[in-house]
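The values are calculated or read from the model by the stated rules, or taken from the named source; none is laboratory data. Since the model is a prediction, treat every value here as computed from it, not as a measurement. Positions of Cβ are backbone-derived with ideal geometry, glycine not excepted, and every protein chain shown enters the neighbour counts. Note: areas computed on protein heavy atoms with side chains; ligands, DNA, RNA excluded. Shrake-Rupley method; radii C 1.70, N 1.55, O 1.52, S 1.80 Å.
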Amino acid sequence: MILNHLTTQNFNRSKDLYQIKFFEEKLSNGLHVILHQDKTTPLVSISVLYHVGSKNETPGKSGFAHFFEHLMFEGSKNIKKGEYFKYIAYNGGKNNAYTNHDETCYYEILPSDRLPLALWLESERMLHAKVDEESINIQREVVKEEKKMRVENQPYVKSVSEIIPSLLFKKHPYKYPIIGLYQDLDTATEADYKEFYKTYYVPNNAVLVVSGDFDINEARTLIQKYFSSIPKGTRNFQMNKIEEDPMKKEIFFTYVDKNTKVPGVFLSYRVPKLTDKDSYVLKIIDHVFSSGESSRIIKNIVNTKQVASYAGSSLDTMEDYGIFMIYGLINPGITIDQLTKIIDDEIDLLKEKGITQYELEKQKNCFEKKFISDNYSMSGITASLSHYYLYYHNADLINTDIEKYRKITTEDIKKVANKYLNKNNRVRLYNVPDNENTDNR
């Protein structure tokens with residue numbers, strides 16, 4: 001009843017209360033700075049997002065961006081080896097980093113009075129990172145062990161992270177694994193790494209975001225102090241557009257996996273980049289297929305028909321393309337071809353009949369909840385501001401991006417599903433145990 005009495009004016013005023021307000025500027029060296037002040041809790045969230053990922057690597061030098069995610073914790077001109085984490089921990093904070101195909105991000109959360117420390121640490125990383133033979137050799141072994149642990153000794157991971165991308169992409173660097181190839185790790189030299197660092201880890205290829213309890217003028221002064229003297233990079237960071245030829249038929253591949261005893265099918269489709277409007281529709285389709293017990297794949301394939309012990313879907317959105325994957329692991333008594341047929345029936349049903357308005361509204365509610373949740377914490381706001389600026393060149397989408405989901409219709413779902421979820425636009429990979437005695441085809 002109360003909601004029914006809300007006027008449009010009151011509703012808009014209520015929406016304004018939850019607007020994420022921010023200040024942004026660009027330093028003379030090209031560093032883009034975004035500041036969001038919120039004095040609710042005495043914490044600050046800081047991130048430096050570099051627009052460099054595995055897609056920026058050249059053939060024969062894979063894994064460089066991920067390697068630097070590790071290497072830039074080694075120390076700097078003014079920070080001793082291994083002390084990055086100590087500085088943060090001793091001051092009551094936490095920090096980490098990640099790399100993907102398009103970006104590398106370093107971030108910290110600290111008590112608000114430690115903002116100068118965080119900015120100094122990140123400026124040291126940007127200007128004075130220790131890229132020497134000793135540090136490189138240490139991290140080379142660390143990365144190799146990580147690859148063994150996370151890829152070589154895990155079931156299904158090699159199929160998903162290495163084989164499928166190499167089949168979906170023939171030209172684009174997305175075909176290479178983020179973690180890199182062993183031979184490239186072994187042959188990369190100190191000069192190679194120094195050149196990569198000098199090229200990409202520069203202020204005009206980075207976004208610095210600070211969110212939390214701080215004074216904006218003081219933060220601007222500190223940022224000028226620590227970052228303004230760092231030289232601008234000389235490279236033009238506009239990559240030439242690499243377009244894949246359309247796929248004309250299904251690519252079938254069987255991978256014999258020493259780490260698994262349960263066969264699985266992975267159907268992977270090449271889809272558009274993350275900023276494309278169809279990408280928003282595909283996110284809804286992904287949720288319809290496998291988000292929660294009432295989703296179509298979980299309900300129909302896993303629980304009702306019980307032909308798969310585990311099944312679902314995923315959408316990996318990237319700057320230039322995306323990968324939509326639908327997968328399942330067979331139950332005893334079911335063949336991998338039977339499971340594939342049943343998954344294909346589920347895909348065909350969605351393409352033919354679409355989804356109901358109820359299903360669509362349910363998913364819109366889920367995305368709205370996530371949108372609000374992402375803007376609830378300082379670290380979430382920091383991540384969203386940097387993401388929207390980097391890929392959309394519009395940080396204010398942190399307040400308005402949800403409108404794109406609200407405008408999606410059931411007809412959009414049907415249209416996009418028919419456009420991309422076709423057999424001639426996919427890789428069908430069977431991941432089988434080595435005792436299946438199955439040859440690659």
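Annotations for the structure displayed:
- Accessible surface comparison of Lys249, Lys86, Lys283, probe 1.4 Å, protein chains only, largest first: the order is Lys249, Lys86, Lys283.
- Computed with every protein chain present, the accessible area of Val209 is close to 0 Å² [probe 1.4 Å].
- Over segment 158-291, relative contact order from alpha-carbon pairs under 8 Å, at least 6 apart, %: 28 percent
- Legend: residue pairs Lys170/Lys273; Lys55/Lys77; Lys248/Lys419, Cα-Cα distance threshold 19 Å; pairs beyond threshold, Lys55/Lys77.
- For the listed residue pairs Lys261/Lys351; Lys158/Lys249; Lys241/Lys362; Lys80/Lys158, the alpha carbons are over 26 angstrom apart in Lys261/Lys351; Lys241/Lys362; Lys80/Lys158.
- Applying a length cut-off of 15 Å (Cα extent along the axis) and a mean Kyte-Doolittle floor of 0.0 to the DSSP H helices of the chain leaves 115-128, 277-290, 378-392.
- Rounded FRET efficiency, nearest 0.05, which uses the C-beta distance separating Lys415 from Asp215 and R0 of 56 Å: 0.65
- For the chain, calculated [θ]222 nm from helices alone, where every DSSP H run of n ≥ 4 adds -39500 (n - 2.57): -12000 deg cm²/dmol
- Structural descriptor for segment 306-441: relative contact order 20 percent, calculated from alpha carbon pairs under 8 angstrom and at least 6 residues apart.
- Taking the chain and dividing mean pair separation by its residue count, relative contact order in percent (alpha carbons under 8 Å, at least six apart): 21 percent
- Binned Cα-Cα distance frequencies in segment 342-441 - 10 Å width, integer %: 12, 27, 26, 23, 11, 1
- For segment 341-396, alpha-carbon Rg relative to the globular expectation (2.2 N^0.38 Å, N residues): 1.66
- Compared with the alpha-carbon gap, the fully stretched path from Asp113 to Ser28 is longer by 27.9 nm at 0.36 nm per residue.
- Segment 244-387: projected area of the alpha-carbon convex hull, averaged over directions, in nm²: 11.0 nm²
- Distribution of pairwise C-alpha distances over segment 235-305, 5 Å bins, in %: 3, 10, 12, 15, 17, 18, 12, 6, 3, 2, 0, 0
- Carbon + sulfur, % of accessible area of segment 19-170 - ligands and nucleic acids excluded, 1.4 Å: 54 percent
- For segment 22-81, the equivalent ellipsoid derived from the alpha-carbon gyration tensor has semi-axes of 29, 18, 13 Å in decreasing order.
- In terms of its C-alpha gyration tensor, segment 269-312 comes out prolate, because a/c is 1.5 or above and the ratio a/b outweighs b/c.
- Segment 217-262, accessible surface, carbon-and-sulfur percent (1.4 angstrom probe): 48 percent
- Alpha-carbon centroid distance for the pair segment 195-241 / segment 53-90, whole angstrom: 16 Å
- Cα-only Debye scattering, segment 291-356: base-10 log of I(q)/I(0) at q = 0.12, 0.24, 0.26 Å⁻¹: -0.33, -1.07, -1.17
- Net lengthening on full extension, Glu133/Ser314 (0.36 nm per residue, minus Cα-Cα): 61.2 nm
- Think of a 1.4 Å ball rolled over the protein heavy atoms: the chain then has 49 Å² of accessible area per residue.
- Size descriptor for segment 71-119, Kirkwood hydrodynamic radius: 11.7 Å (Cα pairs only, one decimal).
- Sorted largest first, the spans of the alpha carbon positions of the chain along the three principal axes are 69, 64, 39 Å.
- Aspartates and glutamates with Cα under 19 Å of Lys194, excluding same-chain neighbours fewer than 8 positions away: Glu57, Glu69, Glu74, Glu103, Glu122, Glu124, Asp132, Glu133, Glu134, Glu141, Asp184, Asp186
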